[in-house]
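Visitor: Shown below is the structure under consideration.
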Amino acid sequence: LVRAWESLRFLGKLKLVLYLIWSSLKQPSQEELQKWMEDIMKDGDLLTASIKELSEAFPSIGKVIINERDIFMFAKLRQTASLGSRKIVAVVGAGHCNGICRLAEDMYKPQTDMSSLSTPEIIQRVVETKHWKVEENDEMKALTTDVLELQIP
């Protein structure tokens with residue numbers, strides 16, 4: 001959330017705060033709730049629509065919350081796969097599936113942003129903030145280099 005907040009300029013921060021205040025004060029009517037419920041029931045892809053709406057209203061927040069998280073998760077999967085041949089099971093939220101799959105496909109295409117970068121460099125780009133740098137913080141450095149393994153007996 002720090003990266004999302006830092007990605008906004010002053011007017012974007014003001015817009016977000018006002019939007020949150022307005023949405024907490026304005027209660028939906030019975031008809032609005034009914035329409036919302038009907039939309040959910042007929043259109044099962046409410047998550048994609050919500051993400052699109054957020055990205056349109058606040059493009060930089062959408063970039064940080066969705067796109068950069070996709071990149072981070074894909075890079076960690078790539079990092080894990082580089083340890084050797086093994087099966088990897090990744091459980092990710094539905095909002096990230098398309099982005100991670102797209103990144104996997106793009107990785108093998110020439111001239112993409114990620115094709116020339118190492119996995120730690122990719123991760124570093126998405127975890128650093130204006131105030132938190134990988135070189136200055138051991139916890140941030142661990143995000144770029146550590147791979148955790150869970151073995152169930």
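Visitor: Report, ordered by the first and then the second residue, all pairs with beta carbons closer than 6 Å, sequence separation of six or more or different chains, a first member in region 5-30 that is in contact (Cβ under 8 Å) with a residue 12 or more places away in the chain, and a second member that is charged (D, E, K, R) and open to solvent by 60 Å² or more (accessible area, probe 1.4 Å).
Guide: Within 6 Å, the pairs are Glu6/Lys130.
Visitor: Among the residues of region 67-102, which ones are open to solvent by 40 Å² or more (accessible area, probe 1.4 Å), assigned to a helix (DSSP H, G or I) and touching a Ser or Thr at 6+ places or on another chain (Cβ under 7 Å)?
Guide: Within region 67-102, just Arg78 meets the criteria.
The values are calculated or read from the model by the stated rules, or taken from the named source; none is laboratory data. Everything quoted here is computed from the prediction, not taken from an experiment. No Cβ is skipped: glycine too gets one built from the backbone with ideal geometry, and neighbour counts run over all protein chains shown. Note: areas computed on protein heavy atoms with side chains; ligands, DNA, RNA excluded. Shrake-Rupley method; radii C 1.70, N 1.55, O 1.52, S 1.80 Å.
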